[in-house]
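Note sheet for the following structure.
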Amino acid sequence: MNRPSDTPAPGPAAPDAFDLVRLAEADLPEVLALERRCYAQPWTEENFRAEFRRRITLPLGVKRGNVLAGYSFFWLFPPDVHLLNLVVTPEFRRRGLGRRLLAAMMTIGRRAGAEKVYLEVRPTNEAALDLYRSFGFRLDHRRPNYYENGEDALLMTATLTELVTKKP
């Protein structure tokens, strides 16, 4: 079948094909399903319920139609932002969705008057480390035995006033 020249070929969806939304507790079943699918040690339902109810938590998602492709949960308490959780479903990775969620968090933080962003990441999570470094995050220190399995965490920080915001 010949395709008209102005019709794009099927392929990976651009980040713009997804809506950036604020998640609500009604999204919990989708969030839990994605969390359990992507993490060997997922957050519990109680963890998520607590975050949905916490005043300083901002839960963002990227959706295509009714399908949740990824989310981030972060605390916004100027002068700080703390990224708690960021995940993109495997079939939608490498399409800029994690970058979009991270850029949105940083933009929201900057607009609220935040100056620094903090996060913890596993030293073995190379994809996440690459993403964070591309946004100017730097290693602050290592937190020994941070995760349930005894793995250390790397505490990374970025100063919002020094960063060049990446286009989501």
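The values are calculated or read from the model by the stated rules, or taken from the named source; none is laboratory data. Predicted model only: the values in this text are computed from it and were never measured. Positions of Cβ are backbone-derived with ideal geometry, glycine not excepted, and every protein chain shown enters the neighbour counts. These area figures cover heavy atoms from the full protein model, side chains too; ligands, DNA and RNA do not enter into them. Shrake-Rupley method; radii C 1.70, N 1.55, O 1.52, S 1.80 Å.
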Exercise. Filter the stretch 112-138 for residues that are under 23 Å from VAL88 (Cα atoms) and more than 16 Å from the chain's Cα centre (by Cα) and give the result.
Key: PRO123, THR124, ARG138
Self-check item: Enumerated strands (runs of 3 or more DSSP E) restricted to the stretch 96-161, each holding at least 2 residues that are surrounded by 15 or more Cβ atoms within 10 Å (Cβ to Cβ)
Solution: 116-121, 153-159
Quiz prompt | Scan of the stretch 46-86 for residues that are part of a helix (DSSP H, G or I), open to solvent by less than 60 Å² (accessible area, probe 1.4 Å) and among the charged types (D, E, K, R), ordered by number | solution = GLU51
Quiz item: Can you tell me which of ALA128, ALA114, ALA104 is touching a residue at least 60 places away in the same chain (Cβ under 8 Å), aliphatic (A, V, I, L, M) and in contact with a strand residue (DSSP E or B) (Cβ under 9 Å, 6 or more places away or on another chain)?
Solution: ALA104
Self-check item: Within the stretch 25-42, tally of residues that are touching a residue at least 40 places away in the same chain (Cβ under 8 Å) and open to solvent by less than 60 Å² (accessible area, probe 1.4 Å)
Solution: 5
Practice problem: Report yes if ARG22 is open to solvent by 10 Å² or more (accessible area, probe 1.4 Å), touching a strand residue (DSSP E or B) at 6+ places or on another chain (Cβ under 8 Å) and not aromatic (Phe, Trp, Tyr), otherwise no. | Solution: yes
Quiz item: Taking only pairs six or more apart or across chains, which ones have beta-carbon atoms under 9 Å, a first residue in the stretch 53-66 that is farther than 15 Å from ASP80 by Cβ, and a second residue that is small (Gly, Ala, Ser) and open to solvent by 30 Å² or more (accessible area, probe 1.4 Å)?
Solution: PRO59/ALA24; ARG64/ALA17
